[in-house]
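See below for the structure under consideration.
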């Protein structure tokens with residue numbers, strides 16, 4: 001448990017003690033009613049803490065996942081709650097999640113995804129330039145030995161590593177053009193080879 005978690009735990013304990021003290025001070029004459037109210041508040045706080053702690057597991061279960069239909073040559077990706085399409089891939093054997101970005105020209109890796117794929121971002125030459133919504137950034141060209149989405153494998157794939165901070169790697173048009181058809185209908189994206 002790090003210091004941030006310890007601080008949160010102390011805060012919750014103090015808050016619980018203050019609420020319990022208030023109940024006992026209010027109900028000095030009617031202990032039965034005070035104990036009932038305290039039990040209700042304990043259940044509310046316990047439920048809130050449990051929901052907060054389990055939210056990651058709950059959201060992963062409820063959220064639809066990417067589906068691969070190898071025999072039909074297609075990948076079906078559901079729209080995420082924030083409106084983006086996240087495509088799960090493997091780059092040089094490492095799992096990398098890309099955001100589909102038809103406004104991006106290239107396949108763009110974050111520094112952390114580049115490291116996961118075995119690329120040293122500090123040893124690259126950032127001589128390329130790209131315009132983003134946040135302004136101009138420097139990029140370094142790289143070649144990915146292997147990139148796969150399910151059973152679909154591409155080798156010697158051209159990409160760039162972004163020198164700036166990015167929330168997620170981007171799957172741009174140079175890679176999307178390798179697919180025979182891209183279709184967005186309803187809340188799903190379908191890639192067909």
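The values are calculated or read from the model by the stated rules, or taken from the named source; none is laboratory data. The model shown is predicted, which means the values in this text are computed figures rather than measured ones. Neighbour counts are summed over all protein chains in view; Cβ atoms, including those assigned to glycine, are modelled from backbone coordinates with ideal geometry.
For the reader, a short list of remarks on this structure follows.
- Residues satisfying the stated conditions in the stretch 160-180, i.e. under 20 Å from residue 125 (Cβ atoms) and at pLDDT below 90: 164, 165, 166
- Search result, residues across the stretch 46-83 that are at pLDDT 80 or above and surrounded by 14 or more Cβ atoms within 10 Å (Cβ to Cβ): 73, 74, 75, 76, 77, 78, 79
- When 136, 155 are checked against the criterion of being assigned to a strand (DSSP E or B), more than 23 Å from the chain's Cα centre (by Cα) and under 21 Å from residue 90 (Cβ atoms), 155 stands alone in meeting it.
- Residue within the stretch 59-78 that is closer than 16 Å to residue 170 by Cα, outside any loop (DSSP other than H, G, I, E, B) and either assigned by TED's automatic domain parsing to the domain that holds residue 180 or more than 16 Å from the chain's Cα centre (by Cα) (or both) present: yes
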